[in-house]
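Have a look at the structure below before the remarks.
The values are calculated or read from the model by the stated rules, or taken from the named source; none is laboratory data. Just so you know, these numbers come straight off a predicted model, no measurement behind them. Quick reminder, even Gly has a Cβ in these numbers, built from the backbone with ideal geometry, and neighbours come from all protein chains shown. Note: accessible area is taken over every heavy atom of the protein model, side chains too, but ligands, DNA and RNA are not part of it. Shrake-Rupley method; radii C 1.70, N 1.55, O 1.52, S 1.80 Å.
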Amino acid sequence: MAVIMFGFSDSLPVVLICGVTDMRKSIDGLAYIVAYDLEMEPCSEKLFV
């Protein structure tokens, strides 16, 4: 899984996660991926794509 971080402005960084994601996961399952696999805070002021 590749993780690329960029932003259109300094106020909203965007984290682009390249790979396959099971979209049947609930918001809790997707937040788990961000928190434990990426070791980032899912409630931070970032946009995870």
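Overall, the ratio between the Cα radius of gyration of the chain and 2.2 N^0.38 Å, rounded to two decimals, is 1.13. About its Cα centre, the chain has a charge dipole of approximately 180 debye under the convention of +1 per Lys or Arg Cβ and -1 per Asp or Glu Cβ, with nothing else charged.
When a 1.4 Å probe is rolled over the protein heavy atoms, the share of accessible surface on the chain that falls to carbon and sulfur comes to 59 percent.
Answer with one residue from L47, Y36, C18: the one whose Cα lies farthest towards the positive end of the charge dipole of the chain, charges on Cβ with Lys, Arg +1 and Asp, Glu -1. Farthest towards the positive end: C18.
Rolling a 1.4 Å probe over the protein heavy atoms gives the chain an accessible area of 81 Å² per residue.
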